[in-house]
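The structure that follows is given in the form of C-alpha cells.
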There are 2 protein chains.
Amino acid sequence: MARQEPGDLSMGKKAVVLLSGGLDSATVAAIAGSAGFDIYALTFDYGQRHRTEIACAKKIAAAVKAKKHMIFRLDMRKIGGSALTSGIKVPKRRKKTGAIPVTYVPARNTIFLSVALAWAETIGSKDIFIGANAVDYSGYPDCRAEYLKAYEKMAALAVKPAGKKAIKIHSPLVRMSKSDIIKKGIALGVDFSKTHSCYDPPAGKSAACGECDSCIIRKKGFKEAGLRDPIRYKR
Amino acid sequence: MARQEPGDLSMGKKAVVLLSGGLDSATVAAIAGSAGFDIYALTFDYGQRHRTEIACAKKIAAAVKAKKHMIFRLDMRKIGGSALTSGIKVPKRRKKTGAIPVTYVPARNTIFLSVALAWAETIGSKDIFIGANAVDYSGYPDCRAEYLKAYEKMAALAVKPAGKKAIKIHSPLVRMSKSDIIKKGIALGVDFSKTHSCYDPPAGKSAACGECDSCIIRKKGFKEAGLRDPIRYKR
C-alpha cells in the first residue's frame, strides 16, 4: 500500500513513477506517495555505465511501498551517442561551458516517458511522475518545463481517449534547486543513503567518484542545504 | 547507398525510417529512398505475436538499400494490454464498431518514434519517416495526423538544438487510402510479396490468416486498387 493522506482526492489512484535510483526520483516517488497515489515504479536497465543505480531503485521502491516495480530492459548502447552508454569517457571536474555535456543521452527522457505512458494506459493511470530538474542540472534539453509541457500535449493525443482527464506529466522538481530538492526529500522521510547519483562509479568500490557532474551537483546541493550527504565519495 | 534522384536537395541526407515489415512501412521506405534520403531502417522486436514481420523487414531494408538496419529489442509483453503482446485473442472477421480494437498496442508509435528520435539525434538526422495511416486503419489514436504533429513539436524540444532545422516527422501515408498506398508502392517498385500484414499468422504456415483486421484491410486495398496481392492467405 502506498502512503495515503486521509481525505486526499487522489486516494487509491495509480501513478507511474520514473525511478532511476537517484536523489531526484527518490524525492519524486515520496511526493507521489504523500499525495496519496499508488506507486507503479518504473526503472530502466538501458545499458547505463552506472548500472548500480538499479539496485538503489529497488531499495527506494520498497521504501515508498510501491505496488509494483517494473525493471524495463532497453539497450541504448545500440544507439550510443553518450558517455553513459558508450565508450566515451565521463568528464571529471568539468568546467561549466554552457554546452550540453557528453553525459547527455539522446532522447532518454522521451523514451522513458513513452514506456511510462504505455504502462499508464495499460493499468488505467493518468498520472506520470518524473524527477526532471532544470535548475541544478547539466543543460539537458529533455529536462526543461517547456519540453515536458509539449510531451504532455502529445501524450493526450497518443492514447485512447478514456474519461475527461488527459495524461498529466508531474514534474514537481523542475524549477527547484538541488538543495531544495534535498530538503523536500528529507521532510518526506527519504533515506538518501539508498540513492545513487554518480555517473562513473569506481570499479569494485561502493563509493561515488565525487568528480563527475552528477556528484559535483549533489555534493553542492547537500552543502547548500546544510546537510550531510550519507553516501561515500572517493574524492 | 540509398536511391538518389539527381539534383534532389535531400541528397545524401540521413533519414530514420520505421520499418515494421508491413505494406505501409515498405511503401514509406521507398518514398524516403526516392526522395534521396540515405535510409537508416529501424525495426522493433517487441514481443509481437506476428514476429515473422521482422524477417520481412530485413528483406525490405535490403531492397531499399538501407545504409543500416537496426533491430531494436524491447519487450512490450511486460506491459501487455494488447492482443498483439499478450494472451488476448486477435479478433477474426470483426465488425467495425467505432471502438478501438484489442489489437491496439498502448503507446506503441510513441515508443517507436522515441527510439527513432534517439537514433536520429545520434547519427545527425533531422528526418524520421513513419507509415502511420488514418484512413483504412483500425482507429488507433497514435496513427492520426494531429498526434504526429504534436509529436513533432515535442521532438523539437526534446533534443539538442543543432542548426535551424527541427526534427521532421514524415508521415506521407497518413491521409491516403490503402488502395492508394498500394498503387504508390507499386509505382515506386515495392515488391509486396516481401511484406507481411497479418496480426495472427497461422502456426507453421507461410500464409496469412485472412480474417484479422489487418488482413481484411489489406485484401480490400488490393481489390480496390485492381491489383493482385502476391501473398498467400489461409482464407
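The values are calculated or read from the model by the stated rules, or taken from the named source; none is laboratory data. Model, not experiment: these values are computed from the prediction. Every residue, glycine as well, gets a Cβ built from its backbone with ideal geometry; the counts of neighbours run over all protein chains shown.
Being among the acidic types (Asp, Glu) and assigned to a loop (DSSP other than H, G, I, E, B) is the filter; apply it to region A:193-219 and report the residue that is nearest to residue A:96 (Cα to Cα).
Filtering region A:193-219 for residues that are among the acidic types (Asp, Glu) and assigned to a loop (DSSP other than H, G, I, E, B), the one nearest to residue A:96 (Cα to Cα) comes out as A:211.
Within region B:62-81, can you find the residues that are farther than 29 Å from residue A:44 by Cα, buried (at least 16 other Cβ atoms within 10 Å of the Cβ) and either modelled with pLDDT under 95 or small (Gly, Ala, Ser) (or both)?
Answer for region B:62-81, where residues must be farther than 29 Å from residue A:44 by Cα, buried (at least 16 other Cβ atoms within 10 Å of the Cβ) and either modelled with pLDDT under 95 or small (Gly, Ala, Ser) (or both): B:63, B:66.
Conditions first: (1) surrounded by fewer than 24 Cβ atoms within 10 Å (Cβ to Cβ); (2) among the small types (Gly, Ala, Ser); (3) within 9 Å of another protein chain (Cβ to nearest Cβ). Residue A:114 passes all but one, so which condition is the exception?
(1)
While we're here: If you check B:84, B:42, B:117, which single one turns out to be among the aliphatic types (A, V, I, L, M) and at pLDDT below 95?
Just one listed residue meets the conditions, B:84.
Need the failing condition index for residue B:161 against (1) in contact with a Pro (Cβ under 6 Å, 6 or more places away or on another chain); (2) at pLDDT below 90, just the number.
Among (1) in contact with a Pro (Cβ under 6 Å, 6 or more places away or on another chain); (2) at pLDDT below 90, residue B:161 violates only (1).
How many residues are in contact with a helix residue (DSSP H, G or I) (Cβ under 9 Å, 6 or more places away or on another chain), more than 7 Å from chain B (Cβ to nearest Cβ) and not aromatic (Phe, Trp, Tyr) if we restrict to region A:121-133?
Final tally of qualifying residues: 8.
Using the structure shown, decide if residue B:135 is surrounded by fewer than 23 Cβ atoms within 10 Å (Cβ to Cβ) and either part of a loop (DSSP other than H, G, I, E, B) or touching a residue at least 40 places away in the same chain (Cβ under 8 Å) (or both).
Against the criterion (surrounded by fewer than 23 Cβ atoms within 10 Å (Cβ to Cβ) and either part of a loop (DSSP other than H, G, I, E, B) or touching a residue at least 40 places away in the same chain (Cβ under 8 Å) (or both)), residue B:135 qualifies.
Report yes if residue B:231 is β-branched (Val, Ile, Thr), more than 15 Å from the chain's Cα centre (by Cα), more than 14 Å from chain A (Cβ to nearest Cβ) and closer than 23 Å to residue B:43 by Cα, otherwise no.
Criteria met by residue B:231.
Also, I was wondering about something else. Would you tally the residues in region B:153-181 being under 26 Å from residue B:101 (Cα atoms), part of a loop (DSSP other than H, G, I, E, B) and of a type in the set (A, V, I, L, M, F, W, C)?
3
In addition: Scanning for something closer than 18 Å to residue B:44 by Cα and modelled with pLDDT under 95, does region B:177-196 turn up at least one residue?
Checking region B:177-196: at least one residue is closer than 18 Å to residue B:44 by Cα and modelled with pLDDT under 95.
Moving to a separate point now. Being at the interface with chain A (Cβ under 9 Å from one of its Cβ atoms), assigned to a helix (DSSP H, G or I) and in contact (Cβ under 8 Å) with a residue 12 or more places away in the chain: is that true of residue B:150 here?
When the stated conditions are applied, residue B:150 does not pass them.
Another question, if that's okay. Out of everything in region B:153-162 that is touching a residue at least 24 places away in the same chain (Cβ under 8 Å) and at the interface with another protein chain (Cβ under 7 Å from one of its Cβ atoms), what residue ends up being farthest from residue B:116 (Cα to Cα)?
B:160
Can you confirm whether residue B:230 is within 22 Å of residue A:107 (Cβ to Cβ) and surrounded by fewer than 22 Cβ atoms within 10 Å (Cβ to Cβ)?
No, not satisfied.
Could you figure out which of (1) within 14 Å of chain A (Cβ to nearest Cβ); (2) over 30 Å from residue A:85 (Cα atoms) isn't true of residue B:136?
Residue B:136 satisfies all of (1) within 14 Å of chain A (Cβ to nearest Cβ); (2) over 30 Å from residue A:85 (Cα atoms) except (1).
Quick test for you: out of B:71, B:88, B:31, pick the one residue that is under 16 Å from the mean Cα position of the chain (by Cα), within 14 Å of another protein chain (Cβ to nearest Cβ) and aliphatic (A, V, I, L, M).
B:71
Pull out all pairs, ordered by first then second residue, where Cβ-Cβ is under 8 Å, the residues are six or more apart or on different chains, the first lies in region B:60-89 and is part of a strand (DSSP E or B), and the second is among the aromatic types (Phe, Trp, Tyr) and at pLDDT below 95.
Cβ pairs passing all conditions: B:73/B:46.
Right, another one. If you scan region A:163-192, which residues turn out to be exposed (fewer than 15 other Cβ atoms within 10 Å of the Cβ) and touching a residue at least 60 places away in the same chain (Cβ under 8 Å)?
Those that are exposed (fewer than 15 other Cβ atoms within 10 Å of the Cβ) and touching a residue at least 60 places away in the same chain (Cβ under 8 Å): A:189, A:191.
Here's a follow-up. Go through the residues of region A:94-110 one by one and say whether even a single one is away from every other protein chain (no Cβ under 13 Å), more than 26 Å from residue B:126 (Cα to Cα), touching a residue at least 24 places away in the same chain (Cβ under 8 Å) and part of a loop (DSSP other than H, G, I, E, B).
yes
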